[in-house]
Amino acid sequence: MADMGVFRAAVSGWAAGGCGAAAREAAAAAGVRTVVLVKGPSDLAAVETLAARLGRALPDEGVCVLSMGGAMNVGRYAELLGPPGLGLRVTGLCDARERPFYDRALARAGAPGQEVFVCVEDLEEELIRALGVAGVEAIVEAEGELAPWRTFTRQPAQQGRDPLRQMRRFLGTRKGRKIRYGHLLARSVDLGRVPAPLGALLACL
């Protein structure tokens, strides 16, 4: 199996101001053809987990899912990885409010903007909606976090809020929780109810 870790590290270093030679060498060594730009590690975890459930080994297909550390970095990554840089195929998964940043960045890089797949709020919300709040609550209970979840829902700021929004907020209240649940939700969602943007992304790869 191709190891994308070296490539990801090299690209991150390049984006931070380092040399591009290491990224170019790592891309060639790993056989990278396509890069999927996502905002953060929870999205990366969800995409890779669902792909594996569908029998896809993305690294072996030359596909690298790359966390950028925030959607505002998409311009830099598209420039480095697209036609002006390594010449790779660039696509992405983003939230609706981030779509303009992706469109402008990919247009400047000469990459096809139609290959950006858009979640309404974010990927966690899409997965929660697909599983249902009760389904996610069962996962939270299995993870031993039912008591913190119930305490969270009793907070004054959460009173009267939609349960889906409560759950989405809860998943982001502790460091590392979103990444863990990005994997867990993608592992648990019914393959017949895969969120449309995530399913469309995987279908295009």
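For the reader, a short list of remarks on this structure follows.
- Exclusive hit being under 19 Å from the mean Cα position of the chain (by Cα), within 17 Å of residue 193 (Cβ to Cβ) and open to solvent by less than 60 Å² (accessible area, probe 1.4 Å), set 123, 81, 93: 123
- Residue within the stretch 14-25 that is more than 19 Å from the chain's Cα centre (by Cα), assigned to a helix (DSSP H, G or I), closer than 25 Å to residue 103 by Cβ and touching a residue at least 60 places away in the same chain (Cβ under 8 Å) present: yes
- Check on residue 143, out of contact with any strand residue (DSSP E or B) (no Cβ under 9 Å at 6 or more places or on another chain), among the charged types (D, E, K, R) and surrounded by 20 or more Cβ atoms within 10 Å (Cβ to Cβ): no
- Search result, residues across the stretch 1-13 that are without any contact (Cβ under 8 Å) to a residue 24 or more places away in the chain and aliphatic (A, V, I, L, M): 9, 10
- Hits in the stretch 26-45 (condition: part of a loop (DSSP other than H, G, I, E, B) and on the phi < 0 side of the Ramachandran plot): 32, 33, 39, 40
Residue-wise test of (1) open to solvent by 10 Å² or more (accessible area, probe 1.4 Å); (2) modelled with pLDDT under 95; (3) more than 25 Å from residue 180 (Cβ to Cβ).
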position: 8; (1), (2), (3): yes, no, no
position: 11; (1), (2), (3): no, no, no
position: 15; (1), (2), (3): yes, no, yes
position: 19; (1), (2), (3): yes, yes, yes
position: 38; (1), (2), (3): no, no, no
position: 49; (1), (2), (3): yes, no, no
position: 77; (1), (2), (3): yes, no, no
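- When the stretch 56-72 is limited to residues that are part of a helix (DSSP H, G or I) and either open to solvent by 60 Å² or more (accessible area, probe 1.4 Å) or hydrophobic (A, V, I, L, M, F, W, C) (or both), the one that is farthest from residue 102 (Cα to Cα) turns out to be 60.
- If you check 99, 53 for being under 17 Å from residue 204 (Cβ atoms) and open to solvent by 20 Å² or more (accessible area, probe 1.4 Å), only one passes: 99.
- Output for the stretch 158-184, where each listed residue is assigned to a helix (DSSP H, G or I), out of contact with any Ser or Thr (no Cβ under 6 Å at 6 or more places or on another chain) and either open to solvent by 80 Å² or more (accessible area, probe 1.4 Å) or closer than 24 Å to residue 61 by Cα (or both): 165, 169, 180, 184
The values are calculated or read from the model by the stated rules, or taken from the named source; none is laboratory data. Here the structure is a predicted model, which means the values were calculated and not measured. With ideal geometry, Cβ positions are generated from the backbone for all residues, glycine too; neighbour counts draw on all protein chains shown. SASA here: full protein model, heavy atoms, side chains in, ligands and nucleic acids out. Shrake-Rupley method; radii C 1.70, N 1.55, O 1.52, S 1.80 Å.
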